[in-house]
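Beneath this line is the structure, given in structure tokens, with notes to follow.
The values are calculated or read from the model by the stated rules, or taken from the named source; none is laboratory data. Keep in mind the model is a prediction, meaning the values are calculated, not measured. Note that each Cβ is placed from the backbone with ideal geometry, even for glycine, and that neighbours are counted across all protein chains shown. These area figures cover heavy atoms from the full protein model, side chains too; ligands, DNA and RNA do not enter into them. Shrake-Rupley method; radii C 1.70, N 1.55, O 1.52, S 1.80 Å.
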Amino acid sequence: MGKKFSKPELSRKINGDIPFDTPKTEKPDDHKIRFDVALANRFPRYSRSTIQKFIKEGYARYDNQLEIHPRALIDEDAELTLELPETENEFKPEIIYEDENVIVFNKPAGMLSVNKGDFSAEQSIENYGEIVHRLDRDTSGVIIVAKNLKTKGYLQKQFQDRKTHKTYYAVVVGHPAEAHAMIDIPLTRNLKKPTTFMVSPTGREAQTEYKVIASNDKYSLVELKPRTGRTHQLRIHMAHIGTPILGDKVYNPKGPKADRMYLHAASLEITIPESKRITFTAEPPIEFLNAIR
């Protein structure tokens, strides 16, 4: 015997004999549009979420009226205004080399390589062209930027094929057990802290050659040559062998306090259009030498 329903009308709807009632909806005004949608259409370079942040921060107006509600309905022909704060020019990276295809900078420590999100009031290397590779915010030194997409692809392929050669200098806490060695330890993402990485036997291959250049009773100045290009590779490898990089707050949070992270990209050997093999260099900052005196 089938199940009996206490409400015959509901039973008939379930059986398909009569339709469910459709809730009444108010017909939208054909001449109205959501504020955030209108802005996203007018400024397509920004994502909808970024547009909504602009509205909440008070950067956006319509018909010269401040509106803090992204979903507010406005006239389709309303005048839209987006007034963003000027980019902060705290950093002025030194230009090492420039031609019609590339710019090579000596990035200062503290400057971002890539903008945060669609818009950032903080200046970055990305403001100058197409990013080919990155340096951590607190790493200084040589970084190359492409002026066009064709050059970007040409340079990126060299990084992917390991046809570039990079040399770094770092001041590390303590003294490596060997003066010159190759660190061959695989790395993987740390799922507990997704923005960081860690040593793992199942991780991706990572190789770093290091050589001690000078030292004192506390620190050592080392030359680092990455054979692979894993994120945070140099920082993790040096910390793993017991000599973390001075000022690295992520992989040596309890280490000695410092005014910066003492890691510097000293040289980059790469082929630039038109088929010119060049090694770009940037001397380590004076604080590196002062730290081991």
Leading residue by the ranking (farthest from the chain's Cα centre (by Cα)) among those in segment 54-67 that are more than 25 Å from Asn115 (Cα to Cα) and open to solvent by less than 100 Å² (accessible area, probe 1.4 Å)
Asp63
Considering every residue within segment 41-53, establish whether at least one is hydroxyl-bearing (Ser, Thr, Tyr), open to solvent by 80 Å² or more (accessible area, probe 1.4 Å) and at pLDDT below 80.
no
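Every residue, every condition in (1) among the charged types (D, E, K, R); (2) in contact (Cβ under 8 Å) with a residue 12 or more places away in the chain; (3) closer than 23 Å to Gln160 by Cβ, yes or no:
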{"residue": "Lys249", "(1), (2), (3)": "yes, yes, no"}
{"residue": "Lys254", "(1), (2), (3)": "yes, no, no"}
{"residue": "His264", "(1), (2), (3)": "no, yes, no"}
{"residue": "Glu269", "(1), (2), (3)": "yes, yes, yes"}
{"residue": "Glu274", "(1), (2), (3)": "yes, no, yes"}
{"residue": "Ile278", "(1), (2), (3)": "no, yes, yes"}
{"residue": "Ala282", "(1), (2), (3)": "no, yes, no"}
{"residue": "Pro285", "(1), (2), (3)": "no, yes, no"}
{"residue": "Ala291", "(1), (2), (3)": "no, yes, no"}
Please state which of the following conditions Ala72 fails to meet, knowing it meets all the rest: (1) at pLDDT below 85; (2) open to solvent by 30 Å² or more (accessible area, probe 1.4 Å); (3) touching a Phe, Trp or Tyr at 6+ places or on another chain (Cβ under 8 Å); (4) of a type in the set (A, V, I, L, M, F, W, C).
(2)
The listed residue being within 28 Å of Pro256 (Cβ to Cβ) and open to solvent by 20 Å² or more (accessible area, probe 1.4 Å), out of Lys192, Lys116:
Lys192
Just one listed residue, out of Asn127, Asn148, is polar (S, T, N, Q), open to solvent by 40 Å² or more (accessible area, probe 1.4 Å) and over 30 Å from Glu287 (Cβ atoms), and it is Asn148
Answer with yes or no whether Thr208 is among the β-branched types (Val, Ile, Thr), under 16 Å from Ile241 (Cβ atoms), without any contact (Cβ under 8 Å) to a residue 40 or more places away in the chain and surrounded by 13 or more Cβ atoms within 10 Å (Cβ to Cβ).
yes
Need a quick list: strands (runs of 3 or more DSSP E) entirely within segment 178-293 having at least 2 residues that are closer than 30 Å to Lys147 by Cα.
219-226, 263-272, 276-281
Collect the residues in segment 151-162 that are surrounded by 13 or more Cβ atoms within 10 Å (Cβ to Cβ) and in contact (Cβ under 8 Å) with a residue 24 or more places away in the chain, keeping them in residue-number order.
Thr151, Tyr154, Leu155, Gln156, Gln158, Phe159
Quick one: in segment 80-111, of everything that is at pLDDT 85 or above and open to solvent by 50 Å² or more (accessible area, probe 1.4 Å), which residue is farthest from Phe288 (Cα to Cα)?
Glu100
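Condition test on Gly242, is it at pLDDT 95 or above and open to solvent by 10 Å² or more (accessible area, probe 1.4 Å)?
yes
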